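Data first, discussion second: the structure below is written as structure tokens.
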Amino acid sequence: MNRHAGEQSLSEVHESVDTTAPRKGWRRILAYIGPAYLVSVGYMDPGNWATDLQGGAQFGYKLIWVLLMSNLMALLLQSLSARLGIVRRRDLAQANRETYPPIVNFCLYILAELAIAACDLAEVLGMAIGIHLLTGLPLIWGTVITVLDTFLFLLLQRFGIRKMEAFIICLVAIIGGSFLIEVLIAKPHMGDIIQGFVPTKMNNAALYIAVGIIGATVMPHNLYLHSALVQTRKISNDEKGIRKAIKYNLIDSTIALNAAFFVNAAILILAASVFFTTGNTEVAKIKDAHRLLEPLMGSQLAPILFAVALIAAGQSSTLTGTLAGQIVMEGYLQLRINPWLRRLLTRLIAIVPAVLVILVYGEEKVDDLLVFSQVILSLQLGFAVIPLIHFVSDKKTMGIYAIKNYTKVGAWLIAIILVYLNVKLVMDEMVKVFASNAMWYWKIALVVGVILFVGLFLIMTFLPLLKQRRERQRAVLHGETAVLNNLDVKHFRRIAIALDFSRSDEKLIAHAIAQGREPVTYVLMHVVESVSARYLGEASDDDETRRDKLRLQNYTEQLQAKGYTVEAVIGYRNRVSEIIRIVKEADADMLVMGAHRHSGLKDYIFGETIEYVRHKLPIPVLIVNV
């Protein structure tokens, strides 16, 4: 484990695919094709299956329009994420780190890791269910076996990004092909499917599933992932090269996400045509769906294809989840750990709750856990979407590639819809908790959590806007460039020097002398901060006070022997107020202070002395790094 000093996202594969080499026809586009397919698998993972199956079985075709809306949202947001990576060569985590304060970034990092853990939970459960359906292996053992896919990820990573992309595309083809055959066997009614694209009013149960569908489709960690994956392409840094990369990545995103939409729609249509229309509206579990496919569809192939597609979906999305985790950790914390350890930690974080649920509540609660993981993902969306919109709208950092006003309106509309749905869901759940018999401390904890959640959301949303406003005000305040007519500086008569009796004193005195022209009086000062000095002030006569007076006198005599005019002043109690008092009483017209370049906590303790003194004095203050 080590601190990552570099600024390259996914540095081991950064710009490893050269798109600048001359190519003709489709080969020119194919050089850019790939990143969106790695992203698209997150839109067809087992978490989507759970929400799509429940949506189709309980509400028929009525939620197809939610899938379509989610896909359009995803297409716009993923294109913005790709634009950020192409233009600024920064992933979303890196851009956040450069914009927000450390405490906000740490909270955003925790939320991003939580989203990745929720996603990986869905993948673990999905693969375990798929293995169980195909082989009959108990779910608990299938869950434990999913640890082994860590080694598959490491193997693919050694072969490079293009081989990983090819592997993922093959898995996507398996998923898509399986459901194409399933839908053809099911023979859904086309009129009902078309009617499902018309928006309808939803009750609370439908809203819960709809929010889960949105959370499963527009995944927050995919925004981090896409902004990093586009940087695996080496592009020309001129305007033509950047615009070409944006164009071809939009094509890549459109094809890949439409494929994901087809898979999700196929799952929902399959559930609606096989379960809803036959009255099996309670089929909300993947295992039940698999069990009923053969008798209801009259085909032995249907359940096999279903299980194979489920395993492919879990395996493909688990690979991209690991990459997203690496991007988030390196981007926010600048911390890199070995890929196998990162993969193992991510997988264990997902396996533990899955195993606990299976052991405590039984296998019948697994599908509820899948849907709940997708709702958690949805609740994190605003914390990824809103910073992304800020970044790609900023003309200062994006230049001519900042998004247009109509795109900005569409993006903010999506953000508002997501936030509204999430707020409504949270409020509904809070009402249920307060109406229940839950202990009072759980209710208080819930309220405090919501307040912190809202506070972080408001800071993240409005801080970039406040920074932009401050910069505009500064630009207006400064106005046009001033004409440099008056460059004369007043001669310094009395220069005060704050000393601390360390090796840096000589350097401070030398810099003070360099600023002076004879005749100049140098005021040497030191503030005694012993316990006695703090309480007795000038009456203090402890050992430290006596020694400090002798040191100051020694400096004075040395400088006087060299021909300088020197005064010595001792201060007591508070360092800041005493420095200000001595400078004013000595009528000094310049102050020289030392900055020790502390880091961490010392920076707050010692750095504040300089800041307070500098703001309280109207004279020039020379800060010398010592």
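The values are calculated or read from the model by the stated rules, or taken from the named source; none is laboratory data. In this text the structure is predicted, and so the values were computed from the model without any measurement. With ideal geometry, Cβ positions are generated from the backbone for all residues, glycine too; neighbour counts draw on all protein chains shown.
For the reader, a short list of remarks on this structure follows.
- Only one of Ile33, Ile86 that is touching a helix residue (DSSP H, G or I) at 6+ places or on another chain (Cβ under 9 Å) and either outside the structural domain of Thr146 (by TED's automatic domain parsing) or surrounded by fewer than 19 Cβ atoms within 10 Å (Cβ to Cβ) (or both): Ile33
- Taken together, Leu359, Leu421, Leu348 contain a single residue that is part of a helix (DSSP H, G or I), modelled with pLDDT under 70 and surrounded by fewer than 21 Cβ atoms within 10 Å (Cβ to Cβ), which is Leu348.
- Residue match in segment 564-576 (condition: among the small types (Gly, Ala, Ser) and out of contact with any Lys or Arg (no Cβ under 9 Å at 6 or more places or on another chain)): no
- Just so you know, in segment 489-504 the residues that are modelled with pLDDT under 90 and touching a helix residue (DSSP H, G or I) at 6+ places or on another chain (Cβ under 8 Å) include one that is farthest from Met593 (Cα to Cα), and it is Phe492.
- Count - residues of segment 23-51 that are among the charged types (D, E, K, R) and part of a helix (DSSP H, G or I): 2
- Taken together, Leu77, Leu84, Leu133 contain a single residue that is assigned to a helix (DSSP H, G or I) and out of contact with any Phe, Trp or Tyr (no Cβ under 9 Å at 6 or more places or on another chain), which is Leu77.
- Of the residues screened, Gln473 is one that is out of contact with any Lys or Arg (no Cβ under 8 Å at 6 or more places or on another chain) and modelled with pLDDT under 80.
- Residue within segment 525-534 that is over 55 Å from the mean Cα position of the chain (by Cα), surrounded by fewer than 17 Cβ atoms within 10 Å (Cβ to Cβ) and in the same structural domain as Asp587 (by TED's automatic domain parsing) present: no
- Candidates Ser79, Ser70 - the one that is assigned by TED's automatic domain parsing to the domain that holds Ile327 and in contact with a Leu (Cβ under 8 Å, 6 or more places away or on another chain): Ser79
- Ile214 being under 24 Å from Tyr401 (Cα atoms) and among the β-branched types (Val, Ile, Thr): no
- Ile403 falls short on exactly one of the conditions (1) buried (at least 17 other Cβ atoms within 10 Å of the Cβ); (2) under 24 Å from Ile213 (Cα atoms), and that condition is (2).
- Tabulated pairs, segment 391-403, first free of Cβ contacts under 8 Å to residues at least 40 places away in the same chain, second surrounded by fewer than 18 Cβ atoms within 10 Å (Cβ to Cβ) and not in a loop (DSSP other than H, G, I, E, B), C-beta under 7 angstrom, 6+ apart or interchain: Ser393/Lys408; Ala402/Lys395
Rundown of residues vs (1) within 22 Å of Leu77 (Cα to Cα); (2) assigned to a helix (DSSP H, G or I); (3) modelled with pLDDT under 85, yes/no style:
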position	(1), (2), (3)
Gly410	yes, yes, no
Ile414	yes, yes, no
Phe457	yes, yes, no
Arg469	no, yes, yes
Val483	no, no, yes
Leu487	no, no, yes
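- Scope segment 306-345; condition touching a strand residue (DSSP E or B) at 6+ places or on another chain (Cβ under 7 Å) and either buried (at least 23 other Cβ atoms within 10 Å of the Cβ) or modelled with pLDDT of 70 or more (or both); matching residues: Met329, Glu330, Gln334, Leu335
- Residue within segment 611-622 that is at pLDDT below 90, buried (at least 17 other Cβ atoms within 10 Å of the Cβ) and part of a helix (DSSP H, G or I) present: yes
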